[in-house]
Amino acid sequence: MRDGKIDAFFWSGGIPTGAVLDLASTPGRTIRLVPNGGTLDSLQTRYGAAVYHGSIIPQRTYPGMDGDVSTVAVANVLVAHESMDAEMARGITAALFAYHEELAAVHPMAGVLSLESAVIGSPVPFHEGAAGYYRERGVWNDAGP
């Protein structure tokens, strides 16, 4: 896009996405994010509410944005094979919360992770070790997330 070879592109990534931020910060370039939140209902009808959810890209995310942009989002999911040792899966899950501030310092989207949000919206079953950690923390519903 910076070289003038394309006029538009689609991407999926946490915000701010470094390459998009770099492009938006390029002198003489203005980017426009096209809202796609209006497609959410049809995507959820076709693929289920656990896969897609609505989100907002705040105006302050990239230079030159005119306002907030409604978008369709997908959750970041840490996936492990079901044969992984349950204690290891529990420990990895615990580390995400023990080092939450450090993770958020590396990428701002990690800052939105919470115990409550971590147990909802997964398109795949939770590993028993992760579910065990969430049970210990009081946020797991045994009927399913």
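For the reader, a short list of remarks on this structure follows.
- Residue in the range 51-62 that is modelled with the lowest pLDDT, counting only those that are open to solvent by 60 Å² or more (accessible area, probe 1.4 Å) and either of a type in the set (S, T, N, Q) or not in a helix (DSSP H, G or I) (or both): HIS53
- Residue in the range 126-142 that is more than 25 Å from TYR47 (Cβ to Cβ) and among the hydrophobic types (A, V, I, L, M, F, W, C) present: yes
- Some residue of the range 83-97 being more than 30 Å from ARG29 (Cα to Cα), part of a helix (DSSP H, G or I), in contact (Cβ under 8 Å) with a residue 40 or more places away in the chain and of a type in the set (D, E, K, R): yes
- For THR39: the one exception among (1) under 15 Å from the mean Cα position of the chain (by Cα); (2) of a type in the set (Ser, Thr, Tyr); (3) at pLDDT 95 or above: (1)
- Residue list for the range 10-25, filter: open to solvent by less than 60 Å² (accessible area, probe 1.4 Å), without any contact (Cβ under 8 Å) to a residue 12 or more places away in the chain and in a loop (DSSP other than H, G, I, E, B): GLY13, THR17
- THR61 being β-branched (Val, Ile, Thr) and over 21 Å from ALA118 (Cα atoms): yes
- Looking at ALA75, ALA86, ALA98, just one residue is aliphatic (A, V, I, L, M), at pLDDT 95 or above and surrounded by 12 or more Cβ atoms within 10 Å (Cβ to Cβ), and that residue is ALA86.
- Checked against the criterion of being among the β-branched types (Val, Ile, Thr) and closer than 30 Å to ALA8 by Cα, the candidates VAL124, VAL119, VAL79, VAL112 yield just one match: VAL112.
- Given (1) farther than 22 Å from VAL77 by Cα; (2) surrounded by 10 or more Cβ atoms within 10 Å (Cβ to Cβ), index of the condition ASP7 fails: (2)
- Every residue from the range 108-136 that is assigned to a loop (DSSP other than H, G, I, E, B), within 14 Å of LEU78 (Cβ to Cβ) and open to solvent by less than 70 Å² (accessible area, probe 1.4 Å): LEU113, VAL119, GLY121, SER122, VAL124, PHE126, HIS127
- Residue in the range 42-50 that is surrounded by 15 or more Cβ atoms within 10 Å (Cβ to Cβ), under 25 Å from VAL106 (Cα atoms), without any contact (Cβ under 8 Å) to a residue 60 or more places away in the chain and of a type in the set (A, V, I, L, M, F, W, C) present: no
The values are calculated or read from the model by the stated rules, or taken from the named source; none is laboratory data. The structure presented is a predicted model; accordingly, all values stated were derived computationally and were not measured. We place every Cβ from the backbone using ideal geometry, glycine too, and count neighbours over all the protein chains shown. Side chains are part of the model used for accessible areas, which takes the heavy atoms of the whole protein and leaves out ligands, DNA and RNA. Shrake-Rupley method; radii C 1.70, N 1.55, O 1.52, S 1.80 Å.
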